[in-house]
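Quick notes on the structure that follows.
Derivation of every value follows stated rules applied to the coordinates shown; laboratory data play no part. Note that the structure is a prediction, hence the values are computed from the model and not measured. Every residue, glycine as well, gets a Cβ built from its backbone with ideal geometry; the counts of neighbours run over all protein chains shown.
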Amino acid sequence: MATPLRVRVGDLFRATRIRLDITQHELARAGGLTRAYISAVELGHANPTIDVVERIARALGLDLEVAAQQPAMIGTRQRDIVHARCSAHVQRRLQAHGFECLREVEITQGRSHGWIDLMAFDRGTGTLFVIEVKTTLDDIGAAERQLAWYERVGPDLVRSRGWRVRHVRAWLLILASEEVEGSIRTNRQVLRVAFPVRAVAMRRLLGPALPAGTGPEATGRGLALIDPSSRRRDWLLASRLDGRRGLAPFRDYADGAARWREAVGPGAKPQNARLP
């Protein structure tokens, strides 16, 4: 565990006072405090206010600066209308397949903090799907790190729900747009290694329980596209590199946002949208 800040400040004050050959009585008088309180601060037993810390520091000729390091944010939560629509679409589809689902699962581990967009569990096979939903594909490395973390912590997060996890699958599902198609084409070699399982194989994993050795035991992270406005049965869509023909249903993220903002009307608040 990290040393408490009050202990580190006390050590600094004591070392500085000794180096300057100042007694606790002299320091207390200069800071308008008691000798007993100075002793408690140096030992880390007191919890001085910022004002008191500044007074002692001035008496010792110290210039103090406060530096704060933000926790590592992995999988920061999106609240825009497009992401909300995509996430809700995936949840509905998985529930239609008989999966139990959790959305926006918060996780904290050490200094890392983030949210899993969706967790889905198939009790028949004991398979836990940890799913990251994206509206664009800007940082493949970040997506890999997110899913690797989710794979590690996912089973522990759902144990209290009685989900007995035997297999973990990690999927990256992205809005089907021409913008994303361009990113997939540009990064096809990296994606081939990072996400070897694609839409057709992913659909099979959502089917009825399969005999041992033919189902969830297949390894590799999955990547597919989604169209939240579509009602087609095969909702996990292949990219053009994976065999799909024709243009994507959206030009880019902005196209999707414009369509759904128009659909919900001017009074909507897309940053908090939880659309069906």
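Think of the stretch 114-171 as a dipole: +1 on every Lys or Arg Cβ, -1 on every Asp or Glu Cβ, centred on the Cα centre; then among 160, 146, 131, 160 lies furthest on the positive end. Projecting the Cα atoms of 24, 64, 225 onto the charge dipole of the chain, computed from C-beta unit charges around the Cα centre, puts 225 farthest toward the positive end.
Within the stretch 58-199, the ratio Rg/Rh, alpha carbon atoms throughout and Rh by Kirkwood, equals 1.10.
A Gaussian network model of the chain, with springs between Cα atoms under 10 Å, assigns the largest mean-square fluctuation among 45, 83, 113 to 45. At an R0 of 30 angstrom, the distance between the Cβ atoms of residue 151 and residue 65 translates into a FRET efficiency of 0.15.
The radius of gyration of the Cα set in the chain, together with its Dmax, comes out at 27.1, 83 angstrom. Distance between the 7 Å Cα→Cβ label points at residue 244 and residue 159: 3.8 nm.
Approximating the spin labels as points 7 Å out from Cα along Cα→Cβ, the residue 192-to-residue 8 distance works out to 4.8 nm. Rg and Dmax of the stretch 139-189, based on Cα coordinates, read 14.7, 42 Å.
In percent, how large is the relative contact order of the chain, given Cα pairs closer than 8 Å and 6 or more residues apart? Could you put the intermediate results ahead of the total?
On the way: 396 pairs, mean separation 47.9, N = 276.
So the answer I get is 17 percent.
Using the C-alpha atoms of the stretch 5-60, what convex hull volume per residue, in cubic angstrom, is computed? Write out the running numbers ahead of the final one.
Working: hull volume 3.4 nm³, N = 56.
Taking the convex hull of the Cα positions in the stretch 5-60, it is 60 Å³ per residue.
Considering only trypsin sites (Lys or Arg not before Pro) in DSSP loops that have at most 15 other Cβ atoms within 10 Å, the longest stretch of the chain without any of them is 1-76.
Let's see if you can work this out: charge +1 on each Lys and Arg Cβ, -1 on each Asp and Glu Cβ, no other charges. What is the dipole magnitude of the chain about its Cα centre, in debye to the nearest 20?
For the chain, the charge dipole is close to 920 debye.
A Cβ-based charge dipole, computed about the Cα centre of the stretch 5-60 with Lys and Arg at +1 and Asp and Glu at -1, lands at about 20 debye. Over all Cα atoms in the stretch 102-176, the spread is summed up by Rg and Dmax: 12.3, 36 Å.
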